[in-house]
Amino acid sequence: VSTAHNEFSSALAEKAIEICGVFLLRAYLDGSDMHARKKMHVASCLAGLSFNTAGLGITHSMAHQLGAMFHIPHGLANAILLPHVVTFNSRDEGCLNRYAQLAKVTGIAPFTDTARVAVDKLIAYIRDIMEKTEMPTSLIAWGMDRNEFEAGKRQLAENALVDTCTQTTPLMPTA
């Protein structure tokens, strides 16, 4: 949903997500499954090619800050934030429709679903994968101290707003 997306970056991103949908859990459940691991490598490369062209967004901006300030691994921070950012961005009709299209072309939702229902299924899918891969689904579940977070959240928000990745976020948040 980056504001700099184009047909090429979108095609690369969709294929990366499709591959992840098939092979991520498989690779997680059986680390010796070299086929699944190779497919995840391909998905990672496709995703990188996509965001190298289109940029990222506020999920990554906030994940950068969570890593820098609280030492949360970048991938984990992105995963924890992603369902919330999809919900936030979906307030924009264009984003809602792009997320819905993604859910439909990757098989997460049938083409007959409304955009809102498809996006709700996409968010549920993200949360389901997190649960199946035993990932914490919140900063508290990861072990973050609430007081430490409260003390740093304003600075985190301000830093995220000036992070390079925020330039291509489709729906600009406030601190």
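Report every pair of residues separated by at least 6 positions or lying on different chains whose Cβ atoms are under 7 Å apart, first residue within segment 147-161 and in a helix (DSSP H, G or I), second loosely packed, with under 15 Cβ neighbours inside 10 Å. From residues that are in a helix (DSSP H, G or I), the pairs are Arg154/Ala175; Ala157/Ala175; Glu158/Ala175; Leu161/Ala175. With respect to the conditions (1) small (Gly, Ala, Ser); (2) under 17 Å from the mean Cα position of the chain (by Cα); (3) crowded, with 16+ Cβ neighbours inside 10 Å, Ser44 falls short on a single one, namely (3).
Among all residues of segment 86-94, there is at least one that is more than 16 Å from the chain's Cα centre (by Cα) and free of Cβ contacts under 8 Å to residues at least 60 places away in the same chain. Apart from one condition, Thr137 fits all of (1) within 26 Å of Phe51 (Cα to Cα); (2) in a helix (DSSP H, G or I); (3) modelled with pLDDT under 95; the exception is (2). For the criterion of being within 18 Å of Glu14 (Cα to Cα), buried (at least 19 other Cβ atoms within 10 Å of the Cβ) and at pLDDT 95 or above, Ala160 fails. For segment 73-95, how many residues meet the condition of being open to solvent by 30 Å² or more (accessible area, probe 1.4 Å) and in contact with a Ser or Thr (Cβ under 8 Å, 6 or more places away or on another chain)? Result for segment 73-95: 1.
Looking across segment 3-30 at every residue that is in a helix (DSSP H, G or I) and hydroxyl-bearing (Ser, Thr, Tyr), the one that is farthest from Gly57 (Cα to Cα) is identified as Tyr28. Within the set Glu134, Glu148, Glu158, the sole residue that is closer than 21 Å to Ala27 by Cα and not basic (Lys, Arg) turns out to be Glu134.
Of the residues Arg98, Arg116, only one is assigned to a helix (DSSP H, G or I), in contact (Cβ under 8 Å) with a residue 60 or more places away in the chain and either open to solvent by 30 Å² or more (accessible area, probe 1.4 Å) or in contact with a strand residue (DSSP E or B) (Cβ under 7 Å, 6 or more places away or on another chain) (or both); which?
Just a single option satisfies the conditions, and that option is Arg98.
Mind listing whichever residues of segment 1-31 are open to solvent by 90 Å² or more (accessible area, probe 1.4 Å) and free of Cβ contacts under 8 Å to residues at least 24 places away in the same chain? Selection gives Glu7, Arg26, Leu29.
Can you say whether Met34 is more than 19 Å from Pro136 (Cα to Cα), open to solvent by 70 Å² or more (accessible area, probe 1.4 Å) and either out of contact with any Lys or Arg (no Cβ under 7 Å at 6 or more places or on another chain) or not small (Gly, Ala, Ser) (or both), as far as the supplied structure shows? Here the answer is yes, as Met34 does meet what is asked.
The values are calculated or read from the model by the stated rules, or taken from the named source; none is laboratory data. This structure is a prediction, so every number in the text was calculated from the model and none was measured. Please note: Cβ atoms are built from the backbone with ideal geometry, for glycine as well, and neighbour counts cover all protein chains shown. Heavy atoms of the whole protein, side chains included, go into the accessibility calculation; ligands, DNA and RNA do not. Shrake-Rupley method; radii C 1.70, N 1.55, O 1.52, S 1.80 Å.
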